[in-house]
Protein chains: 2
Amino acid sequence: MYPDVNRDTSGLTHATRILSCDEALVTDLPRPYHPAMFPFEVTHRDGPARRGKLTTPHGCVDTPVFMPVGTCATVKGVTPDQLRATQAQMILANTYHLHLRPGPQVIADLGGLHQFMGWDGPMLTDSGGFQVFSLTQLNKVTDEGVSFRSTIDGATVWLDAPTVIDIQNKLGADVIMVFDECPPLPSDRATLERAVDRSIRWAGQCKEAHHRDDQALFAIVQGGLEIDLRQRCAAALVDIGFEGYAIGGLSVGETHEQMVATLSPTTKCLPQDRPRYLMGVGTPKDMLAAVQAGVDMFDCTLPTRNGRNSQAFTATGYLKMRNEQYRTDDGPLEVGCACYTCQHFSRAYIRHMFNAGEMLGPTLTSIHNLSFFQRFMRRVRELIVENSLARIVEEFPIAANSGDGQEES
Amino acid sequence: MYPDVNRDTSGLTHATRILSCDEALVTDLPRPYHPAMFPFEVTHRDGPARRGKLTTPHGCVDTPVFMPVGTCATVKGVTPDQLRATQAQMILANTYHLHLRPGPQVIADLGGLHQFMGWDGPMLTDSGGFQVFSLTQLNKVTDEGVSFRSTIDGATVWLDAPTVIDIQNKLGADVIMVFDECPPLPSDRATLERAVDRSIRWAGQCKEAHHRDDQALFAIVQGGLEIDLRQRCAAALVDIGFEGYAIGGLSVGETHEQMVATLSPTTKCLPQDRPRYLMGVGTPKDMLAAVQAGVDMFDCTLPTRNGRNSQAFTATGYLKMRNEQYRTDDGPLEVGCACYTCQHFSRAYIRHMFNAGEMLGPTLTSIHNLSFFQRFMRRVRELIVENSLARIVEEFPIAANSGDGQEES
C-alpha cells in the first residue's frame, strides 16, 4: 500500500521525524500505522520543475497538483461526486473556519473530516494563520499566540501552535500545516523578521504537539519579499525537519513579478526529496511560474469563486457568462472540454441560469473551472515528462496573460 | 417504440384528435410521427385509484406520477443527472417564466427545452395561466386574453390562447397545457363562472392553434369549489377532446377537505382512458387523497422549496435541519433512504451546510426530498397493484398528517 520509493536525497538534508507507535492518538487511526506514510517521489524534471507522486493514507497524488478549496468542509456548490469527476485528486479545508463552526470536536466525533464531508481522497488542512491575520480583528499577537475576534459571532478566540495542531489532529486531514504569522505585503522588514521568528518558533512547537502518524506535518516559510529572511526561515525549518514545506505569505498584495522573484531563492533552500507547496496560489500564470521554480502543490479559491461570479476559464482567457453575446450561443463553455458542464450544456443555458439567479449557474461554471484547473495541471505534468514545459503557453495562452480578470479575445 | 395498449374505453367518450402529418411544425420533429403518440394504459385499480402508464416521445411514465418543477428550465439546485438519480420520470417547466426569460424563440433555436436544459425524459409545460393570475399585476383581462406586467422588468405582456400554444410549441415539451383563467379561492360564483367560460373558450382556441403532433395537449378544468361548474367545465372540455385533463384552480387557498370534496365529482366527469393531472399539488396527504379520487399526475415545488429552506421530508414528518438537535447527529436524513444524500452525509453535516450558508445544504436536502416524493409515489403505485392503497399511511404517517409544516415527533 505504501511502496518504497527511490527518494532523491540530493539537496539539503531532510531530518526524518519518527514518532513512536505508542503515542496517544486523538482519534482512532483509520488504517494500520506506517513509519513512513508519506513517500514522495520525483520521477521527472524539466529544469527546476518536478513531476512527482505524493502518497498519503487516502491515496496517491500526482504533482504538480492543484487542490480545490473546501473552506467550510465543502468545495462550494459541488458534491464530492462532482468534485471527483473534475479529476481533483486532493483538496483543502480551512482550519480557521472549521474551528469556529462546527468545531473540531464535532467533526472528530463524526469520524473526522473525510467522513464528515464525504471526501475519501487525500486532503490538507491549513493552519488558520492566514485567515487569522487577514480576516479577523486582532486583539493581541504575542510570541505565544494570537487572540482575535471570531468573524462569525464576535467571540474572542485564542490560537497558538499546540491548539492549531490539536484542531488539525481532530479534523484528521492527510496533510496538516504549522501555525504561522502571515503579514500582509508590503510590510516593513521588522514586521517580516518578527513574523519569521515567530513562525519558526511555532513550527517547532507544532512538531512537538503533533500526535497522529497518519498525518504529515508541513512547515511554512515566511519572510515576505526579503530573500535573506526567506532563506533563514527555510533553513531553520529544514533543520527542525518536516514532511513537506510550504511557502506562505505570498499572493497577499505583491505583484506577479515580485512573487516569482521570491520563489526560486526559497525553493533552493528546501529539500529535493520533499514536496513544496505554494499556499493560496493561484492563476494559471502564477502556478506555471511557481512550477518552473520547483513548486509541487497549489491551492486557490479562484475556480469556484469566479465560477459563482459567472466567470468561466478557458485556455485562451475568461468568459463573463452574463454577457449578451452568449444569449443564443449553443457552444459549450470551452470547445473540447470533457467536463460534465461542457458535455451537457450550452453557453446560452449557463447565461440563462445566471440571469435567472439559479444555483445551477454557479454549480455548472464551478464544475467547468475546477475541471479546467485540473486539465491545465495535468498538461503541466505531461509536458514536464516530455521536458517541454515551456510549450504550455502555446496550448494555454491564459498562462501567459496578466492575471485573474482578462477576457477571452 | 409505441406499442398498442388496451385502452379502457369505459366512461365518457374521448374525442380523438387527429392532425395531418403535413401540418407545419414549429421545429423539426426529433423522431418519426405517430398518429397516437401518447398511449395511456390503466393496468390496475384500487377503487377509483389507478395504476397506469403514459407513453411519450421521450419515454414512458408510471402513474400516479410526481413531477418535480423546473420553473426556469432547472429543478432548482440539482443537475439533470442528480434529478434522474432521484428516480424522477417526468418533470415540469413553467411557460410563464420561460416566455419572459430567455424567451421561447431562444430555446427553440437551441433545439428545444429538452436539449436546452439537458433533460431527455418526458416533460410537461404549464400554460402560464396560474402564474399570470397569481403572480402578476393584471392590466386587463378580456375574453380574448390577458395583459399583465412582467415580474422581471415591468414590461406589459399580452397572452392569449394561440400565443400560449405557440410558446409551448416552441419549447417542445411532451405534454403542453391549454391557457386558462385561474381565480383565487375564495372567489364569488360569478367570477368562477366567467373563468369557466373563458377557460372553455380558450381551450378550444388552443386545440385549434396546436401544431405539433409530438406534443400532447391537456385541457384544464376550472370551477373553484362549485361542483356543478366543475362538471360543466369538464363535460365541455371532454366534448372538445384532449389527450389528457387537468384539474386547475385548486391548492389556491382552500382547505384540504374542500379540495378533496371537489375532486371525485370532477374526475367522474373525465374519460377513464386518459390521464388526469392535479396541478400544483402537493403534500403527501393531498396527493394520496387525489390518487384515491382517481388522479394520475402531480407537480409541486414543495420538495425543492422546502429543501432550500432546510426542511427535510421523512415518512413520519418533517425535520428542520437548522435545529441544534442535529449538531452531532451522525444518522442520515432518513434511515433506510437510498438517495445520494442519505447514503453519503449525516444530519450533522447537512445542518452545518445550512448554518454556514453553503449551497450544498439546499442541494443535498432537495435531492433527498425529491427522492422521498418519488419513493412515496412508487409505494402508492405498488399498493394500488396490491389493492391496498389505504395501507400507505401505515408506512408513511406523514400522508395522514395535516399539511406542509409539521415536525417529526
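Since every read-out is calculated from the coordinates, none of them should be taken as a lab result. On a predicted model such as this, the values are computed, not experimentally measured, just so you know. Methodologically, a virtual Cβ is constructed for each residue, glycine included, from the backbone with ideal geometry; neighbour enumeration extends over all protein chains shown.
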For the range A:294-409, the charge dipole (Cβ of Lys, Arg +1; Cβ of Asp, Glu -1; about the Cα centre) points to a positive end, and the Cα of A:PRO397, A:CYS339, A:PRO362 closest to that extreme belongs to A:PRO362
Contour minus Cα-Cα span, B:THR316 to B:ALA400, at 0.36 nm per residue, comes to 29.3 nm
Most exposed to least, judged by fewest other Cβ atoms within 10 Å, A:LYS170, B:LYS53 sort to B:LYS53, A:LYS170
Going residue by residue through the range A:157-169, the Karplus relation 6.51 cos²θ - 1.76 cosθ + 1.60 with θ = phi - 60° gives ³J(HN,Hα) values, rounded to whole Hz and with x marking Gly or Pro, of 10, 10, 10, 9, 4, x, 5, 4, 5, 4, 4, 6, 4
Whole-percent tail of the Cα-Cα distance distribution for the range B:261-409, cut at 18 Å, equals 58
Most fluctuating of B:PRO39, B:PRO102, B:PRO183 in the GNM of chain B (C-alpha, under 10 Å) is B:PRO102
Taking GluC sites (Glu not before Pro) in a DSSP loop with at most 13 other Cβ atoms within 10 angstrom as exposed, one finds the longest site-free stretch of chain B at B:24-385
Rounded to two decimals, the Debye log10 I(q)/I(0) of chain B (Cα scatterers, no solvent) at q = 0.09, 0.11, 0.12 Å⁻¹ is -0.52, -0.79, -0.95
For B:ARG378 and B:LEU138, extending 7 Å from Cα along the Cα-Cβ vector and measuring point to point gives, in nm, a value of 4.2
With T = 10 °C, eta = 1.306 mPa s and Kirkwood Rh from C-alpha pairs, the Stokes-Einstein D of the range B:232-291 in µm²/s is about 132
Residues meeting the amide H criterion for A:PHE396 (H placed from the backbone, H to H distance under 5 Å, 5 or more places apart or on another chain) are none
Along principal axes, largest first, the alpha-carbon spread of the range B:305-384 in whole Å comes out as 43, 23, 20
A correct Karplus calculation of ³J(HN,Hα) over the range B:220-232, with 6.51 cos²θ - 1.76 cosθ + 1.60, θ = phi - 60°, whole Hz and x for Gly and Pro, returns 10, 7, 10, x, x, 9, 8, 4, 5, 5, 4, 5, 5
What a careful reader reports for the chain B Cβ nearest the rotation axis onto chain A, distance rounded to whole angstrom, is B:MET359, 3
Amide H neighbours of A:ASP126 at under 5 Å, excluding residues fewer than 5 places away on the same chain, with H built from the backbone geometry, are A:ALA93, A:THR95
Of all DSSP beta bridges with both partners in chain A, the antiparallel percent, nearest 5, is 50
Distances in nm between the label point of A:GLU324 (7 Å along Cα→Cβ) and its equivalents in the other copies, shortest first, are 5.4
Given unit charges at Cβ for Lys, Arg (+) and Asp, Glu (-), the dipole magnitude of the range A:31-115 about its Cα centre in debye, nearest 20, is 100
Listed residues A:ASP166, A:ASP286, A:ASP109; largest mean-square fluctuation, Gaussian network over chain A with Cα springs below 10 Å, found at A:ASP109
Here the correct list, in nm and shortest first, of distances from A:ARG149 to the same site in the other copies, label points 7 Å along Cα→Cβ, is 4.2
Sorted by chain and number, the residues with a modelled amide H under 5 Å from that of B:ARG45, at a separation of 5 or more or across chains, are B:ARG51
Quick calc, B:GLU324 & A:ASP153: beta-carbon distance into FRET formula, R0 22 Å, rounding 0.05, result 0.90
For the range B:178-337, one quarter of the surface area of the C-alpha convex hull, expressed in nm², comes to 11.6
Using eta = 0.692 mPa s and T = 37 °C, Stokes-Einstein with Kirkwood Rh from Cα pairs puts D for the range A:66-300, in µm² s⁻¹, at 186
The ³J(HN,Hα) series, computed from each phi in the range B:101-112 with the Karplus coefficients 6.51, -1.76 and 1.60 at θ = phi - 60°, rounded to the nearest Hz and given as x for glycine or proline, is 7, x, x, x, 5, 4, 5, 4, 4, 8, x, x
Here the Kirkwood hydrodynamic radius of the protein assembly as shown, Cα-based and in Å, equals 29.2
Cβ density ranking, 10 Å radius, fewest first, applied to B:HIS368, A:HIS44 yields A:HIS44, B:HIS368
Ranking A:ALA219, B:THR151, B:SER310 by how far each Cα lies towards the positive end of the charge dipole of the protein assembly as shown (+1 on Lys and Arg Cβ, -1 on Asp and Glu Cβ), the top one is B:THR151
In deg cm²/dmol, rounded to the nearest 500, the helical mean residue ellipticity at 222 nm of chain A, built from -39500 (n - 2.57) for every DSSP H run of length 4 or more, is -10500 deg cm²/dmol
Mean other chain Cβ within 10 Å across B:351-358 is 5
